[in-house]
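Below is one structure, written out as structure tokens; comments come after it.
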Amino acid sequence: MDMSTSSPVITDPVSISPPLLGSLTSNMMPFSVMSGGCSSPGMNVSASRRKIEEVLVNGLLDAMKSSSPRKKHNLAFGPGGSPDEDPAYTAWMSKCPSALTSFKQIVANAHGRKIAVFLDYDGTLSPIVDDPDKAFMSPAMRAAVRNVAKYFPTAIVSGRSRKKVCEFVKLKELCYAGSHGMDIVTSAPEHNTEKGKEANLFQPALEFLPMIDEVSKSLLEATSGIKGANVENNKFCVSVHYRNVAEKDWKVVARLVNEVLEAFPRLKVTNGRMVLEVRPVIDWDKGKAVEFLLQSLGLNDSENVIPIYIGDDRTDEDAFKVLRERNCGYGILVSQVPKDTEAFYSLRDPSEVMAFLNSLVRWKKHSL
Ligand SMILES: O=P(O)(O)OC[C@H]1O[C@H](O[C@H]2O[C@H](CO)[C@@H](O)[C@H](O)[C@H]2O)[C@H](O)[C@@H](O)[C@@H]1O
């Protein structure tokens, strides 16, 4: 079932951990053996195991199907169509209004306080494209981000490796958190309010580096026969892209990822936009990365600092949640379809993100 069409509000699936398979199967073994009916207990064990594997693979497949409903909705609008024609989208906008039309409200609280800007990369600063190596940022967007960073402490928080996202963004005046926040450099000196502090490197999953290399190779090998599959090593996590894989083969992708992950109980799978993300099971995400950045940049004073986080993906929800729970700042979801979100506001696409960033700069210049 394609969940993207079953409900007007899309609930992003929770992470799926194939390593669960190990504990589930070992717990179930005695039951399978004792349940009898089959002459060989071994056969029962493997039948149970196969059943559980099937459940996990199907769970992964459901998550894959629901992870990128945009195309379908765009098609529904027809050529030149707009989300405004979709009543579900209009209803959702009343809960998660446009950050552009709500701009005055957003900055109303900011007088005398400091705004800090956090930006996701793919789907936020660059449009989603078929080839992950070609997700370039436009020069106009780069200029907008550069200007924002002149006036506000600014960080990119991406699922990409830090190196790759730096190569795309090409701006020195920012902080970068790559690998979903597992690789952070705080090096924007003019915004580091803790004077004299050296640029910091923070890598909470350092011990996983050899494991990630290994799993990346295994995934590459396992999926090499699937047309359109693409494995991207993001240093502390690995992306298995299926955007260009025929839908009939998605289950094979799910099965192969599941099989590879059986040998890596300390890794888990989450899903993004047409991508399965393999990462360490550590308690670290983009939300934790934002907290870390606020702390290390001397911006932890929730009375006087307003963090704004803009992102489009399931992984950005962790950051939106942190801001909501701290009761400080705003999450802004980039989406053209209604989604369950912890964000307060929304923007439709990277062009609206650019307009919002430019508005922030204009507002700041006026208020100086
Ligand atoms: O946290 P982000 O900066 O948003 O990174 C999340 C993933 O983004 C990239 O994949 C997504 O964008 C690709 C290019 O537009 C697209 O082809 C793919 O389908 C999307 O999932 C990146 O390639 C992944 O490694 C990141 O994890």
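At a glance:
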{"read-out": "Reachable lysines, given that their alpha-carbon falls under 18 Å from the alpha-carbon of Lys114 and they are not under 8 places away in the same chain", "value": "Lys104, Lys150, Lys195, Lys364, Lys365"}
{"read-out": "Computed FRET value (nearest 0.05) for Lys51 with Arg113, which takes r as the C-beta separation and R₀ as 41 Å", "value": "0.15"}
{"read-out": "Above-threshold pairs, the threshold being 20 Å between Cα atoms, out of Lys134/Lys339; Lys134/Lys217; Lys235/Lys268", "value": "Lys134/Lys339; Lys134/Lys217"}
{"read-out": "Linear extension gain, Asp340 paired with Lys150, 0.36 nm per residue minus alpha-carbon span", "value": "65.1 nm"}
{"read-out": "Label-reachable residues, segment 144-188, where backbone N falls under 11 Å from a point 7 Å from Arg266's Cα toward its Cβ", "value": "none"}
{"read-out": "Candidate lysines - alpha carbon under 16 Å from Lys251, same-chain residues fewer than 8 apart omitted", "value": "Lys51, Lys65, Lys227"}
{"read-out": "Pairwise label distance in nanometres, Asn58 with Ala140, each label 7 Å out on the Cα-Cβ vector", "value": "4.8"}
{"read-out": "Estimated distance in nm for a label pair at Glu259 and Asp213, the labels positioned 7 Å out from Cα along Cα-to-Cβ", "value": "2.6"}
{"read-out": "Packing rank of 139-150, 47-58, where each peptide gets the mean count of other beta carbons within 10 Å, highest leading", "value": "139-150, 47-58"}
{"read-out": "Segment 86-179: C-alpha gyration tensor shape, a/c 1.5 cut-off, then a/b vs b/c", "value": "oblate"}
{"read-out": "Nonlocal amide H pairs with Lys339, under 5 Å, H built at 1.01 Å", "value": "Ile10"}
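Since every read-out is calculated from the coordinates, none of them should be taken as a lab result. The shown structure was predicted, so the numbers you read here are calculated from the model rather than taken from an experiment. All Cβ positions, even for glycine, are placed from backbone atoms using ideal geometry, and neighbour counts span all protein chains on display.
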